[in-house]
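Asker: This is the structure I have questions about; it appears just below.
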Amino acid sequence: MFESFQFADLLPYIAVGLAAQIVDGALGMAFGVISSTLLVSVLGVPPATASAGVHIVECFTTGISGISHALHRNVNWRLFARLLVPGVIGGVTGAYLLSNIDAELTRPFVMAYLAGVGIYLLIRGIRFPPRREREPAVVEPLGLAGGFLDAAGGGGWGPIVTSNLLVQGAQPRTTIGSVNTAEFFVTLSISITFLLSLGVEAFTVAVIGLLIGGVIAAPFGALVAKRVPARALLVMVGIVLTATSVYALARALA
């Protein structure tokens with residue numbers, strides 16, 4: 001499985017892991033989207049294997065990121081609790097289906113939706129604050145959908161859950177911290193499901209590289225989220241989400 005590879009083979013994956021995790025830790029999204037897009041569209045990794053590998057890495061990166069957010073007091077524990085169980089249920093279901101069904105048919109629709117949300121958030125960030133922050137009303141369905149699409153599409157927990165909570169008027173810093181912390185438990189459940197379905201095929205050289213880069217970068221995202229103003233966070237969320245989603249959509253339709 002890992003025979004005859006050189007350290008140089010890891011460098012591209014380490015770089016991807018570093019960049020993706022800094023973005024994910026600061027904005028509450030995009031590690032899975034960025035990593036899965038590169039693995040599937042550029043490197044030709046099968047979707048189920050790519051999603052499994054990314055989630056194995058995220059077990060470590062989201063754990064470290066979640067602890068960091070908690071230490072920086074970025075977590076709304078009530079919001080965290082409302083996301084947890086639906087997210088785990090959706091994640092296990094999506095991982096099981098992807099292990100047995102080709103989920104590539106749904107990817108263009110998911111990416112088009114995420115691109116639209118990204119544009120909306122970019123506009124809202126530029127015009128921030130268009131309205132007062134408020135407690136989000138729709139949470140549990142977002143956790144269920146986010147967990148399912150994250151597993152089935154190789155990424156999407158942050159883009160779906162964080163972006164929709166922000167659209168509802170949730171406070172950006174604590175939303176990002178809460179979503180990132182809940183993501184550890186969702187990712188762990190998804191990874192266990194993939195390992196039971198795929199076995200050791202889930203472990204690839206890419207996993208090692210992504211893990212090294214992601215673990216190195218994980219503690220820094222929370223610090224960025226704490227120090228960057230809410231308006232700048234919203235603009236960055238919109239830019240990152242739109243760019244990654246449009247790129248993935250173009251590759252899926254090519």
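Results for (1) more than 26 Å from Ile14 (Cα to Cα); (2) touching a His at 6+ places or on another chain (Cβ under 8 Å); (3) touching a residue at least 60 places away in the same chain (Cβ under 8 Å), shown as yes or no for each residue.
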position: Ala52; (1), (2), (3): no, no, yes
position: Thr61; (1), (2), (3): no, no, yes
position: Ile67; (1), (2), (3): no, no, no
position: Ala70; (1), (2), (3): no, no, yes
position: Leu79; (1), (2), (3): yes, no, yes
position: Arg82; (1), (2), (3): yes, no, yes
position: Ile89; (1), (2), (3): yes, no, no
position: Tyr96; (1), (2), (3): yes, no, yes
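Asker: Taking the residues in the stretch 171-188 that are over 12 Å from the mean Cα position of the chain (by Cα) and surrounded by fewer than 22 Cβ atoms within 10 Å (Cβ to Cβ) as candidates, determine which candidate is modelled with the lowest pLDDT.
Answerer: By that ranking, first place goes to Gln171.
Okay, residues lined up against (1) of a type in the set (S, T, N, Q); (2) modelled with pLDDT of 70 or more; (3) under 17 Å from the mean Cα position of the chain (by Cα):
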{"site": "Ala202", "(1), (2), (3)": "no, no, no"}
{"site": "Val207", "(1), (2), (3)": "no, yes, yes"}
{"site": "Gly213", "(1), (2), (3)": "no, yes, yes"}
{"site": "Ala218", "(1), (2), (3)": "no, yes, yes"}
{"site": "Leu223", "(1), (2), (3)": "no, yes, no"}
{"site": "Val228", "(1), (2), (3)": "no, yes, no"}
{"site": "Ala243", "(1), (2), (3)": "no, yes, yes"}
{"site": "Arg251", "(1), (2), (3)": "no, yes, no"}
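Asker: Additional query: Can you find even one residue in the stretch 5-12 that is modelled with pLDDT under 80, assigned to a helix (DSSP H, G or I) and of a type in the set (D, E, K, R)?
Answerer: yes
Asker: Taking the conditions exactly as written (farther than 17 Å from Pro159 by Cα, surrounded by fewer than 20 Cβ atoms within 10 Å (Cβ to Cβ) and at pLDDT below 85), does Leu43 satisfy them or not?
Answerer: Yes, satisfied.
The values are calculated or read from the model by the stated rules, or taken from the named source; none is laboratory data. Bear in mind the structure is a predicted one, so any value in this text is a computation, not a measurement. Methodologically, a virtual Cβ is constructed for each residue, glycine included, from the backbone with ideal geometry; neighbour enumeration extends over all protein chains shown.
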